[in-house]
Amino acid sequence: MKKDIEFPVVKDVAVAIVKESNELNEEVWNVYLINLKNEPIEGVLVSSRGYGELYSEKRATSELRHFLDHMDPKSYKKIEPIMEEVFCLSNEYWVSFYQKKVIFDKKFIFLPDTIRMETLVRVPILNKKGVLIL
């Protein structure tokens, strides 16, 4: 039964949306997964999607899936770029991974209009300013 299944709590894994410059020196926003653990994580799968309302109409982005395979301890990997036009939507990143043969998963949801300059913090390990969810 569902009540008998253990759902381990995800700790020391974060998603950050960071404003940075690309190779053309243009400002862009990128989404990163950050492993703050002292151990690697394996079989990392990230599903991303945006959803919500815009001008009283329901809107949704395509759902994308990213397989990051292995992440070393205290490391980060870029998941995808994100366009400012979707900041008015809820942006969800569902992260699943294995640690010591145990599966973990967690949804990280950036609520509408929370990705902005006033909410930037220093992102650990990446050492850049961004919006961070632990």
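Touching a residue at least 60 places away in the same chain (Cβ under 8 Å) and of a type in the set (Ser, Thr, Tyr): does that describe Tyr93?
Working: touching a residue at least 60 places away in the same chain (Cβ under 8 Å): yes; of a type in the set (Ser, Thr, Tyr): yes.
Yes; evaluated as a whole, the condition is true for this residue.
Run down Glu80, Glu42, Glu85 and say which single residue is among the acidic types (Asp, Glu) and under 17 Å from Asp12 (Cα atoms).
So the residue among Glu80, Glu42, Glu85 that is among the acidic types (Asp, Glu) and under 17 Å from Asp12 (Cα atoms) is Glu42.
Results for (1) out of contact with any Cys (no Cβ under 7 Å at 6 or more places or on another chain); (2) among the aliphatic types (A, V, I, L, M); (3) more than 18 Å from Ser90 (Cβ to Cβ), shown as yes or no for each residue.
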residue	(1), (2), (3)
Asn35	yes, no, yes
Val46	yes, yes, no
Gly50	yes, no, no
Glu53	yes, no, no
Arg59	yes, no, no
His70	yes, no, yes
Ser75	yes, no, yes
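Take the residues in segment 1-11 that are among the aliphatic types (A, V, I, L, M) and within 22 Å of Ile125 (Cα to Cα); name whichever of them is surrounded by the most Cβ atoms within 10 Å (Cβ to Cβ).
Result: Val10.
Among all residue pairs at least 6 apart or on different chains, which show Cβ distances below 7 Å where the first residue, located in segment 64-79, is without any contact (Cβ under 8 Å) to a residue 24 or more places away in the chain and over 13 Å from Tyr98 (Cα atoms) and the second is polar (S, T, N, Q) and surrounded by fewer than 16 Cβ atoms within 10 Å (Cβ to Cβ)?
From residues that are without any contact (Cβ under 8 Å) to a residue 24 or more places away in the chain and over 13 Å from Tyr98 (Cα atoms), the pairs are Arg65/Ser47.
Taking Glu57, is it touching a residue at least 12 places away in the same chain (Cβ under 8 Å) and either over 22 Å from Asn22 (Cβ atoms) or surrounded by 12 or more Cβ atoms within 10 Å (Cβ to Cβ) (or both)?
no
Would you pick out the residues in segment 60-79 that are at negative phi and surrounded by fewer than 15 Cβ atoms within 10 Å (Cβ to Cβ)?
Scanning segment 60-79 gives Ala60, Ser62, Glu63, Leu64, Arg65, Phe67, His70, Asp72, Pro73, Lys78.
Collect the residues in segment 12-52 that are without any contact (Cβ under 8 Å) to a residue 24 or more places away in the chain and surrounded by 10 or more Cβ atoms within 10 Å (Cβ to Cβ), keeping them in residue-number order.
Asn22, the sole residue that qualifies.
Looking at segment 91-101, which of its residues are more than 12 Å from the chain's Cα centre (by Cα) and either surrounded by 16 or more Cβ atoms within 10 Å (Cβ to Cβ) or modelled with pLDDT of 95 or more (or both)?
Passing the criteria: Phe97, Tyr98, Gln99.
The values are calculated or read from the model by the stated rules, or taken from the named source; none is laboratory data. What you are looking at is a predicted structure, and each value in this text was computed from that prediction instead of being measured. Virtual Cβ from ideal backbone geometry, glycine too; neighbours counted across all protein chains shown.
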